[in-house]
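So the structure is just underneath, and the comments pick up after that.
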Amino acid sequence: MTTRSAIPVSLHRLAAEQCGILTAEQIREHDVSLRRRSQLVRDGVWARVDYGIFFAGAGTIPWRAYVWAAYLCGGEDAMVAGGTAARLYGLIDAEDLPVEVVVPKSRAPRRRTFALYRRVNPLVRRGQTSHHLLCTSVADTVIDVCAKSSRGEVVALITGALQKRLTSGYALATAAERRERLPNRRLIEAIVADARSGADSSLEMLFLHDVERAHGLPTGKRQVTANAKGGWVDLYFREYGLVVELDGREAHIGREFRDRRRDNRNARVGVTTLRYGWHEIATDPCGVAAEIIAVLIARGWRGEVPRCGRCAAVVA
């Protein structure tokens, strides 16, 4: 009997369900002795991940296997959380270590180099299954990640979750309300409110929050046409003949020509177009606001320009 064939079929199946990860307790429950287990490791059939944790495979241990290892080591009521859960839900791309796991305050799991355990109030976060793992819900995951993210990342994460219909604005608001302490609370609640009011994209939401509202711009019309020949625009200040276009998509062949043709068509009927992308709005919202306001004032706007807190004064 070969070393590999000595592994019960039921244990093979369990390893496959857990991305190759097995605990020492699971191995014992399937009647594999300590001696046989040691032989499997010596023969390279299995690899020892950490104390009491084994990988039933050869080669590099994949990220998802580490997720399972951290989860199983967390014990009863453990939930995959934070950036790890966000990756499992498809909200972010990074497969980082350590794996983030939350456990009840009453439990203190053994320290593992590949895992980060946080002891939390079990009543605050809701659970949801993803890839056969118990994770914090999408709403709780988004709130957790947003609490330690930049403004642009908060916008992208919230809008991404909503656009993919993984959660709702109500669920996000409720998850935030359950937190007694929440870094970035005001920003998160404002972005969730903007999303619930109908902002369509992360760039549009960032513009609405950091440029339009923060600097007291007049209310424009969204997703309308600015000339008789059609052509949708992102934001149109009809009274002042000004169009603001937000370009958050990657350029592709033919797009620049279509944009230029539309801008030229608008110009023929006295409409000016200003275009902004992620870089300008995320890094210099005050400068974007100043440019828009300068055009509005030149065309007769007499509104009051407030200070946004990041700029001493938008325009002189």
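Relative contact order for the chain: what is it in percent, counting Cα pairs under 8 Å that are at least 6 residues apart?
Relative contact order for the chain comes out at 10 percent.
Take every DSSP beta bridge whose two residues both sit in the range 62-198, then give the antiparallel share in percent to the nearest 5.
Taking every DSSP beta bridge with both residues in the range 62-198, the antiparallel ones total about 45 percent.
Only Lys, Arg, Asp and Glu count, each charged at its Cβ (+1, +1, -1, -1), so figure out the dipole size of the range 62-198 about its Cα centre, rounded to 20 debye.
Approximately 340 debye in magnitude.
Spit out the partnerless Cys residues in the chain, using Cβ distances under 4.7 Å as the pairing rule.
Isolated Cys, the chain: 19, 73, 135, 146, 308.
By counting other Cβ atoms within 10 Å of each Cβ, how are 63, 46 ranked from fewest to most?
63, 46
Count the DSSP beta bridges whose two residues both fall in the chain, then state the antiparallel fraction as a percent rounded to the nearest 5.
60 percent
To the nearest 20 debye, what charge dipole does the chain have about its Cα centre, counting +1 at the Cβ of each Lys and Arg and -1 at the Cβ of each Asp and Glu?
300 debye
Classify the range 4-55 as rounded, prolate or oblate from the Cα gyration tensor: take a ≥ b ≥ c as the square roots of its eigenvalues, call it rounded if a/c is under 1.5, otherwise prolate when a/b beats b/c and oblate if not.
Rounded.
Laboratory data are not the source of any read-out in this text; all were calculated from the coordinates shown. These numbers come from a predicted model, not from an experiment. When we count neighbours, we look across all protein chains shown, and the Cβ atoms used for this are built from the backbone with ideal geometry, even at glycine.
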